[in-house]
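The structure appears below as structure tokens.
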Amino acid sequence: MKIMLRLMLFVLSLSIAQAGFAQSKTITGRVTSSDDGSAMPGVSVVVKGTTIGSSTDGNGRYSIQAPVGGVLVYSFIGTVSQEKTVGDNNNIDVVLRTDSKALDEVVVTALGIQEEKKSLGYAITEVKGSTVAQTQRENFVNALAGRVAGVEVNSTSGLPGSSTSIVIRGQSSLSGSSQPLFVVDGLPISNDVTSTGTFATAGVSGKSFENRGIDFTNRAADINPEDIESITVLKGPEASALYGIEAASGAIVVTTKRGKAGQGKINYSFNSRISSITKLPERQKVFNRGVNGYTSEGEETLTYFGAPYPEGTQFYDNVSKFFQTAFQQKHNLTFTGGSEKTTYRVSGAYTNSEGYIPNTGLDQINLNSSITTDLNKYISTDVSFDYTRADNDKAFTGVNGAFLHLLLWPMDDDASVYLNPDGTRRDYATFANGVENPFFNVNKNILNTLTDRYRTNVQMSVKPAAGLRFVLQGGVDYYTEKTTIVRHPESNTGKSYGGLFDQVLSTTRNLTVQYYGQYTKRFFGDKFGIDLKAGSMVRDNNRFSAAASGERFQAPGVYSINNTLLTSQRAFNNLNQYRNLGVFGSVGLSYDDIVYLTVTGRNDWSSTLPVENNSFFYPSAAMSFVFTELTPLASIKNILSYGKLRASIAQVGKDARPYSIRPFYENALTTGGGYRYGFTGPSLNLRPEMTTSYEFGTEMKFFNDRFGIDATYFSKTSVDQIVQNLRLSYATGFVLMTFNAGEIKNEGVELQMNATPLQMDNFTWDVSANYTKFWNELVKLPGDVTEFYNSDTWLYGNVRAGSRVGGPLSTFTGYDYFRNKNGELLINPTTGLPTVNTAEWVVVGDKNPDFTVGLTNTFSYKNIGLNFLLDFRVGGDVYNATEHYMVTRGLSPRTLSRDQTRIVEGVLQDGLENTDNPTRNNLPIDVSRNSSYWSSIYNFNTFIEKDINWMRLRDVTLSYRLPSTLLKRAGFVKDLSLSVTGTDLFILTNYSGLDPIGAGTSAATGGAGGGGIDYGNFPTPRGWNFTLRAGF
């Protein structure tokens, strides 16, 4: 009986299984990445609750037997798994998105080595290359703004080829660069900005630029954003100690794309951009040119304090007419493919970008190729080559730029007519040549840079035994820049010289070779782990420039040094070279994937320091404790899914600029020529500056990674600051000297938050936010020196970027009014106007914000995506020098109330000002008859606008990827997507000027830089980008 019962049960179960099998069917489809639409090989496809499974091939395709109503689970390391229910459709395509919250997330760290993020004892942030490319910004550095806590990005303007500076965790140098090291595929590259000190006119009064009025591209902009796989921001010395002296301010580690095994694929993208200025300066149209309320016939003065315009005066909108709508097109073509042993990727891009200023623009070509090969089971190679050619036309800014002259040009004259019938420059009046027609400025003056850049990177990896690896890597970063500046014979800057020609051809060659060995091993049942690294790096940098200048063009319209007056010609060659040798090592220990400890050490030898001081050692230590791996906490992992504490401390040295030790001969510009010592004296005892930094932080993730937070506190102190150009007593025979003179300190708090508020079958909402607050201090300067400032930032009036001992590094210093003991203005009894104290520079502002916030929202519904980035800043001052320029010339609408009699609030400077009963000022001023009122009552420092806030929509993208079921009809088209991206669409701010973001100097300015100074700056334009991407 039992045998019969068992037999019946067996037959019944077999029948049920057969019935289930009869309802199963073959499901096929394709799995692609949400980042770039590329196929994803190796994705696991499993029928949920069974052992039935499959995986995608090299083209991302799969085939699996599954029952109707069954659920297919798609999973891949580093992505968010998806589930799809089997229905009537036999084809199911899936798009997997990157899981930014994956516990075992792997990131690229120092030396290009991949590490598990949970093992790191310091904060880093990774930005996907697809995120950067999506913004469609020519300079990928600008795409980092608002995305990373602790990172400040400032662009000089929105014109093509404008320079961008990036600072991580605050200013780290008083006079040198505070920008991080840029590393591409494991090797450092140059992000230099051309300094005007390389021109033959450098230092010549009336001709020199001093990094003001002109701008040059930061060379990291040569990288094509479409070639970037990921960007890792190493924020402090703890993270970048192995890179050495150049990474004292952190590092930006760029990993470029490589080929993928599988069938060859062609990707093409086309982008079209339209950009324009959305906010124009407002000028008053009530009062004509003149002074003290009077306008004489044929008035040629450049101040607008005259009589009212006659009724019926025709006004020309010269400002709107000057700024144009700019167009850009970019084409990108990529070939990729390979086998399991060899992969390749070849790409080419062409960018043609107009500026919103006439005759400005950028033509750029990028070529990139890479090949990776496993020669055998022991040896693998990775070889890449990159070429960039950029032709960049720019416009002058600042005091000699078109913008200020555009504001000053009479509104009752058509500025677009800038030539007389005979082709000469037209002025608005016979002798009114103090203002230059802005159209003449941009059409007749020339500012062009032509760059050719070549980068090679060769890496060989040898794995002779399990856990043992040797890596040898070398590369050359070589580029030439030819910059031509022509100041037209009729232009304001060139007429005194009969025209002025400046040209410099510079060649930069940076050679890097690094090699290291690595040994990893697990012990005692994989409980303990060890990771040992030791290696060396050699850097040899060489920059040579040959410059020439000449005056008085002999033949009109021919701009060459050969067409200038022979006796006016001057040549200037400059060689800048240095070498650095470093040896490094690290020891990493781990226990049970819970505790990680890493200790590093590096010793550098620098050619820019005296022999007795050119060798210096610096260590670091970092610890990570993943406390959620502890057994007692396993029960709460559905709430606290991941928790980690981290701490690190590090030192890193920094050497001097080349040729800072001894004075050298310079060309003598005096009669008879010859050579002489320059202004700078010897610094024979110069030592490396040393930065000590520590940080504490935590990472926690909740509710199965639906919410995560990363918090960090950091503090870094730099001692023996190498300060350039401190003033000496003239009795020494020199004026300036380089000192180990300063000490600065930076502290801050960084928060990074990620959340997924909604996650459904076809809809996902992700939120990412970051918060930064930091403060700094100039702790000391040598001797009785109380202030350090960079003269490049002394742009307009008596305000400059200056730091005083005991105060922040980010302050403005300037002259203030005389005041009594109660802080009241002292009024001149003769004029009724306040007087300025020109005997003392005092702190008049601070550009450092109270805090900044970046907020990114990403929505995805089936094949539709929407994301946007909001950038917030609270606090921080901006020097609105442009508005002061307009007010003191009667152009600003705030001068319209000039028909009123005023009494300046204050006390008379009559000897009683500091008594208990000072004399209140009661002297009336007839503003309409006293034009000097505006410059007296409005000192330069009063135009430092305090506590500037903003909310800026950095970028927003709406994208749509066509389903593969539709593309099958085309056959050869595998992927097709469309997107619209808006950049800088709006800003809400209490700043009265055009744009609170910007800089008065180029990114070549060291120290605090020219950020926060708005003087004739061109604003950031609003842009609309239309992009098509196709894969074949």
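Derivation of every value follows stated rules applied to the coordinates shown; laboratory data play no part. Predicted model, so just to flag it, every value in this text is computed and none were measured. Note: ideal-geometry Cβ built from the backbone for every residue, glycine included; neighbour counts use all protein chains shown.
Using a cut-off of under 20 Å, list every residue of the range 735-765 whose amide N is near the label point 7 Å from the Cα of residue 684 along the Cα-to-beta-carbon line. Within reach of a label on residue 684, which here means backbone N under 20 Å from a point 7 Å along Cα→Cβ, the range 735-765 contributes 735-741.
May I ask which residue of 842, 1004, 332 lies farthest towards the positive end of the charge dipole of the chain, with charges of +1 (Lys, Arg) and -1 (Asp, Glu) on Cβ and the Cα centre as origin? Checking the options against the dipole of the chain, the answer is 332. Our compactness index for the range 45-156, the C-alpha radius of gyration over the empirical 2.2 N^0.38 Å, is 1.46.
Is the shape of the chain best called rounded, prolate or oblate, per the rule: a/c under 1.5 gives rounded, else a/b larger than b/c gives prolate, else oblate, with a ≥ b ≥ c the square roots of the Cα gyration tensor eigenvalues? In terms of gyration-tensor shape, prolate. The slack in the chain from residue 106 to residue 900, taken as 0.36 nm per residue of separation less the alpha-carbon distance, amounts to 279.0 nm.
Taking each residue as 0.36 nm, the span from residue 116 to residue 630 lengthens on full extension beyond its C-alpha to C-alpha distance by 183.2 nm. Where in the range 268-296 is the amide nitrogen less than 17 Å from a point lying 7 Å along the Cα-to-Cβ axis of residue 307? Zone members listed by number: 286-296. Charges on Cβ only, +1 for Lys and Arg, -1 for Asp and Glu, centred on the Cα centroid of the chain; of 823, 69, 596, which one is farthest towards the dipole's positive end? Most positive-ward Cα: 69. For the pair the range 109-133 / the range 869-895, the C-alpha centres are spaced 39 Å from each other.
The charge dipole of the chain, taken about its Cα centre with unit charges on the Cβ atoms of Lys, Arg (+1), Asp and Glu (-1) only, comes to about 2920 debye.
May I ask for the Kirkwood hydrodynamic radius of the range 21-96, worked out over all distinct Cα pairs and given in angstroms to one decimal? That comes to 12.3 Å for the range 21-96. Here r is the Cβ-Cβ distance between residue 341 and residue 97 and R0 is 30 Å; the resulting FRET efficiency, rounded to 0.05, is 0.50. Ordering 72-84, 692-704 by mean Cβ neighbour count within 10 Å, with the highest value first, yields 692-704, 72-84. Going out from 0 in 10 Å bins, what whole percent of all Cα-Cα distances in the range 422-475 drops into each bin? Calculated over all Cα pairs of the range 422-475, the distribution is 15, 22, 12, 10, 10, 11, 11, 7, 1 percent. Rounded to the nearest 10 degrees, the angle from helix 2-23 to the longest Cα principal axis of the chain is 40 degrees.
Distance between the C-alpha centres of the range 52-82 and the range 278-319: 73 Å, rounded to the whole angstrom.
Within the range 600-678, report the trypsin sites (Lys or Arg not before Pro) that DSSP leaves as loop and that have at most 15 other Cβ atoms within 10 Å. For trypsin sites (Lys or Arg not before Pro) across the range 600-678 that sit outside H, G, I, E and B with at most 15 neighbouring Cβ atoms in 10 Å, the list reads 637.
Computed on the chain, with alpha-carbon pairs under 8 angstrom and 6+ residues apart, the relative contact order is 11 percent. With a Förster radius of 35 Å applied to the C-beta separation of residue 919 and residue 992, the computed FRET efficiency comes to 0.55. Taking the helices alone, the chain has a mean residue ellipticity at 222 nm of -1500 deg cm²/dmol, built from -39,500 (n - 2.57) per DSSP H run of at least 4 residues and averaged over all its residues. A simple charge model with +1 on the Cβ of Lys and Arg, -1 on the Cβ of Asp and Glu and nothing else charged puts the dipole of the range 21-96 at about 220 debye relative to its Cα centre. Considering only 232, 245, 264, the residue lying farthest towards the positive end of the dipole of the range 215-294 is 264, judged by Cα position with unit charges set on Cβ. The Rg/Rh ratio for the range 830-961, using Cα coordinates for both the radius of gyration and the Kirkwood hydrodynamic radius, is 1.23. Bridges between two residues of the range 21-96, per DSSP, are antiparallel at a rate of about 85%.
Taking Cα centre as origin and charging only the Cβ of basic (Lys, Arg, +1) and acidic (Asp, Glu, -1) residues, the dipole magnitude of the range 575-674 rounds to 160 debye.
Treating r as the C-beta distance of residue 666 and residue 946 and R0 as 25 Å, the FRET efficiency rounds to 0.05. In this simple spin-label approximation, residue 48 and residue 468 carry label points 7 Å from Cα along the Cα→Cβ vector, and these lie 4.9 nm apart. Counted residue by residue at 0.36 nm each, then reduced by the alpha carbon distance between them, the extension gain from residue 527 to residue 316 reaches 68.1 nm.
Listed from fewest to most Cβ neighbours within 10 Å, the set 745, 444 follows the order 745, 444. Using the structure shown, select from 265/341; 118/330; 341/527; 862/968 the pairs with a Cα to Cα distance greater than 27 angstrom. Cα-Cα > 27 Å for 118/330; 341/527; rest within.
Distance between the 7 Å Cα→Cβ label points at residue 329 and residue 454: 3.0 nm.
Whole number please: convex hull volume per residue of the Cα set in the range 445-492, in Å³?
Dividing the Cα hull volume of the range 445-492 by its residues yields 69 Å³.
Divide the volume of the convex hull around the Cα atoms of the range 909-1016 by the residue count and you get 257 Å³ per residue. Quick one: pull the percentage of alpha-carbon pairs in the range 345-457 with a separation above 23 Å. Pairs farther apart than 23 Å: 53 percent.
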